[in-house]
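Take a look at the structure set out below.
The values are calculated or read from the model by the stated rules, or taken from the named source; none is laboratory data. Everything numeric here is computed off the predicted structure, so don't read it as measured data. Ideal geometry is used to build each Cβ from the backbone, glycine not excepted, and the neighbour counts take in all protein chains shown. The area values use the complete protein model at the heavy-atom level, side chains included, leaving out ligands, DNA and RNA. Shrake-Rupley method; radii C 1.70, N 1.55, O 1.52, S 1.80 Å.
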Amino acid sequence: MKVEDLPIPESVKKSILESGVSILYPPQEDAIRAEALEGRNLVLASPTASGKTLVAELCALKHIIEGGGKVLYLTPLRALASEKYDDFQKYKNISKKNGRKISIAISSGDYDSSDQWLSRYDLIIVTNEKCDSLLRHKSDWIKEVSLVVTDEVHFLNDAERGPTLEVTLTRLMEINPKAQFLALSATIRNAEEIAEWLKARAITTDWRPVKLAEGVCLDDECQFNDGNSIKVNKDDQNPALNLAVLTIKQGGQVLIFAETRRKAVDYAKRAATVVSKHLSKIEKKTLSGLADKIAESGERNRLNDLLAELIRNGVAFHHAGLVTFHRKIVEDAFKEGRLKVISATPTLAAGVNLPARMVIITSYERYESGYGRFPISVLDYKQMAGRAGRPKYDKIGEAVLLSRTEEEQDYLMESYVFAKPERIWSKLAAENILRSHVLASVASGYVHTEQGLYDFFNKTFYAHEYGSEVIAPLVAKALMFLYKERMISFEGKGISATDFGRRVSELYIDPVSGVVIRDALKRRSESLTDMSFLHMVCHTPDVVPKYYPRRREIDEFGAYVGIHSEEFMIPIPDETDMIEYESFLGEIKCAHVLESWTQEVPEDEIIEKYSVEPGDLFRLVDTVNWLLYASFELSRLFGHKDLLTKISEIRERVDKGVKKELLPLVRLEGIGRARGRMLFNSGFRNIDELKQASIDKITQVPLIGLQTAKRIKEQVGGLIKAEEWERLKTKKEGKQRSLSEY
Ligand SMILES: Nc1ncnc2c1ncn2[C@@H]1O[C@H](COP(=O)(O)OP(=O)(O)OP(=O)(O)O)[C@@H](O)[C@H]1O
Ligand SMILES: [Mg+2]
């Protein structure tokens with residue numbers, strides 16, 4: 001089937017042809033024949049790289065241009081949302097029937113907003129969680145959505161985040177029964193079942209545009225599923241590195257998946273010495289520029305320094321310890337072919353298009369605290385392997401698992417390479433998650449009676465899989481909790497949310513966090529410190545992962561608790577209850593990390609002292625910022641006026657990572673904590689002092705270049721004379737450095 005012959009507007013055909021696609025892939029053809037363009041609901045379950053996105057693009061453009069419709073595109077990950085946003089840019093100059101150009105928006109943050117601005121856009125790309133929060137705020141434009149695309153719908157299986165996707169889809173089907181639903185999925189066993197639930201047709205294929213040879217290696221030999229085998233040079237002790245070199249010599253790029261962050265870094269370090277020998281002078285020069293970009297952005301710390309050093313050698317690691325910005329630099333450099341090897345944790349796997357000729361999966365096991373070691377699922381394995389051989393980049397792809405013994409090699413061949421992915425199971429039964437969705441249903445006014453609630457949950461995938469009699473008692477239990485905690489109330493057959501319940505639901509926090517904060521604020525003592533609030537939020541279930549004290553920290557934090565016992569708003573558990581007590585000490589550790597951050601302790605010292613890497617720190621800061629915002633809102637609701645200033649101050653300090661004295665300075669755009677501290681120490685302690693100072697004087701402060709100084713002056717309301725600006729520009733040219741602060 002040719003793109004030319006499709007029943008879509010000419011302008012769309014032109015853009016697609018220009019992007020290099022002229023013939024549809026078989027799964028795409030199947031979807032078109034199954035009436036994807038006539039508004040039919042579909043579940044398209046097809047292998048990695050089989051071009052599922054294009055089907056979504058075709059449907060989306062048809063809705064927008066011909067039907068004047070609105071499209072909601074759901075993805076499970078922010079990184080994927082941003083990749084899809086970039087993909088869609090090629091259509092942004094196409095006009096709709098009314099002559100206006102297609103508008104595309106992306107939104108993934110701020111969960112306490114109905115984002116009215118989104119109503120102006122035709123295509124809205126959101127994460128599943130963001131969509132859930134928009135539904136809670138009853139954003140009225142959602143009713144205008146005529147097509148819902150769900151990318152990676154197999155995420156329903158994810159224990160933590162699957163339920164949100166499930167409830168979001170159930171709700172969207174309920175409020176937009178006429179909308180078309182298009183769900184894209186990796187190959188799974190029960191695509192039919194998901195299709196039944198979505199009132200859709202299932203299309204299942206095992207077609208892949210680029211041949212992906214999957215195999216298992218033992219020492220220097222790899223056996224593939226197509227019967228081939230290869231022998232690799234034994235230059236290094238590590239087979240992964242030998243394989244990587246082989247691929248690089250053939251002009252390919254390599255993606256290594258490691259079990260843990262530490263191992264990902266280790267592999268990258270070892271690969272660097274080998275890979276650097278295969279780089280040309282020009283390649284080294286561009287890589288050096290890239291390394292400088294890493295080193296100059298954000299605060300200097302050992303992780304960034306190491307990353308920069310590895311990048312100089314054509315290699316990088318990629319894991320959640322890196323800040324998003326650095327991860328993006330690594331992904332882009334790999335896409336542009338500059339980096340030869342990335343060694344990553346499995347978080348990189350879902351949906352992204354990377355030019356990996358070879359994927360090496362170094363271990364089929366994972367470790368999670370609480371669970372111990374366990375083998376990964378076939379679905380996860382296929383997702384990782386599927387990053388190899390993407391049509392945009394390569395003509396072939398190879399994915400190998402490493403084994404240690406012959407027995408293991410046979411086992412891996414059978415259990416992964418030749419195995420079929422598992423079926424998808426709903427994870428909605430998790431008590432904590434269900435509670436939150438039961439509250440949201442009532443609080444957002446989607447249901448008004450207890451029966452209405454049961455009816456809604458009867459439409460979920462969970463009920464579809466297990467039956468309505470299984471979900472009902474779980475919903476009842478959640479209701480009981482919410483009633484006891486005064487988040488909902490009953491009146492006859494009617495059910496409604498209290499102000500408390502409504503606000504907790506809108507704030508998008510776990511109901512238990514709402515209870516923790518409410519009770520803590522009520523119980524507060526006279527001696528409140530920063531620590532009181534930081535500890536309170538660290539105690540809520542929304543702070544995950546939890547922190548645990550190391551053996552040597554138990555005494556240190558134990559002593560701290562003894563001395564500061566008056567300050568805590570959460571009762572201290574008895575020391576004899578080891579589990580509770582140690583988890584309390586873990587919360588103290590979490591609060592200490594935050595306190596160090598707000599005391600301007602350098603990132604490097606935080607990494608050293610608490611083993612918390614920048615990516616973890618930023619995620620913690622993000623969550624705690626949000627929980628402190630929620631605490632502020634709940635303080636207002638419960639009439640704790642005396643706490644408002646204190647909470648908003650500590651929240652701002654957590655957000656910026658500064659002491660109180662820097663707050664007026666870091667409120668300026670372009671001034672982070674490093675520049676703020678430099679300004680302060682150079683005698684500019686407030687806005688007025690900056691206003692009075694000449695721009696020349698401000699540029700004398702370390703880290704403050706001419707452009708930054710100009711931005712400061714523009715914001716504080718000082719005047720810059722044209723001739724002064726010209727004089728400075730000439731004087732300072734060549735002296736500029738590009739330090740972009742977060
Ligand atoms: N008909 C086509 N002809 C040529 N290239 C295509 C065609 N359709 C899609 N592609 C390209 O194939 C690549 C993979 O497509 P896409 O990302 O949609 O895969 P996917 O099925 O969503 O895979 P995953 O399950 O890994 O998310 C993209 O680079 C895309 O541009
Ligand atoms: Mg995809």
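List of remarks:
Yes or no, residue by residue, for (1) in contact with a Gly (Cβ under 7 Å, 6 or more places away or on another chain); (2) at pLDDT below 95; (3) assigned to a helix (DSSP H, G or I); (4) polar (S, T, N, Q):
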| residue | (1), (2), (3), (4) |
| --- | --- |
| V12 | no, yes, yes, no |
| P27 | yes, no, yes, no |
| D30 | no, no, yes, no |
| R40 | no, no, no, no |
| V43 | no, no, no, no |
| S50 | no, yes, no, yes |
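- Of all residue pairs spaced 6 or more apart or on separate chains, those with beta-carbon atoms under 6 Å, a first member in segment 381-403 that is among the hydroxyl-bearing types (S, T, Y) and a second member that is at pLDDT below 90 are Y393/P355.
- Residue within segment 365-373 that is at pLDDT 90 or above, buried (at least 21 other Cβ atoms within 10 Å of the Cβ), away from ligand 1 (no atom under 15 Å from the Cβ) and in the same structural domain as N313 (by TED's automatic domain parsing) present: no
- Qualifying positions in segment 216-252 - acidic (D, E) and either open to solvent by less than 60 Å² (accessible area, probe 1.4 Å) or outside the structural domain of G314 (by TED's automatic domain parsing) (or both): D220, D236
- Residue match in segment 637-645 (condition: out of contact with any Ser or Thr (no Cβ under 7 Å at 6 or more places or on another chain), within 28 Å of K522 (Cα to Cα), of a type in the set (G, A, S) and assigned to a loop (DSSP other than H, G, I, E, B)): yes
- K90 satisfies every condition listed in (1) under 17 Å from L54 (Cα atoms); (2) touching a helix residue (DSSP H, G or I) at 6+ places or on another chain (Cβ under 9 Å); (3) within 16 Å of ligand 2 (Cβ to nearest atom) except (3).
- Criterion applied to S496, S489, S525, S532 was being outside any helix (DSSP H, G or I) and either free of Cβ contacts under 8 Å to residues at least 40 places away in the same chain or open to solvent by 70 Å² or more (accessible area, probe 1.4 Å) (or both), and the one residue passing it is S489.
- Within segment 41-80, the set of residues being of a type in the set (D, E, K, R), away from ligand 1 (no atom under 13 Å from the Cβ) and more than 22 Å from the chain's Cα centre (by Cα) comprises K62, E66, K70.
- Helices (runs of 4 or more DSSP H) enclosed by segment 118-234 - at least 3 residues per element that are more than 16 Å from ligand 2 (Cβ to nearest atom), within 26 Å of the chain's Cα centre (by Cα) and without any contact (Cβ under 8 Å) to a residue 60 or more places away in the chain: 128-136
- Residue check, P602 surrounded by fewer than 23 Cβ atoms within 10 Å (Cβ to Cβ) and at pLDDT 95 or above: no
- Of the residues making up segment 58-69, none is open to solvent by 40 Å² or more (accessible area, probe 1.4 Å), over 20 Å from S119 (Cα atoms) and touching a Lys or Arg at 6+ places or on another chain (Cβ under 8 Å).
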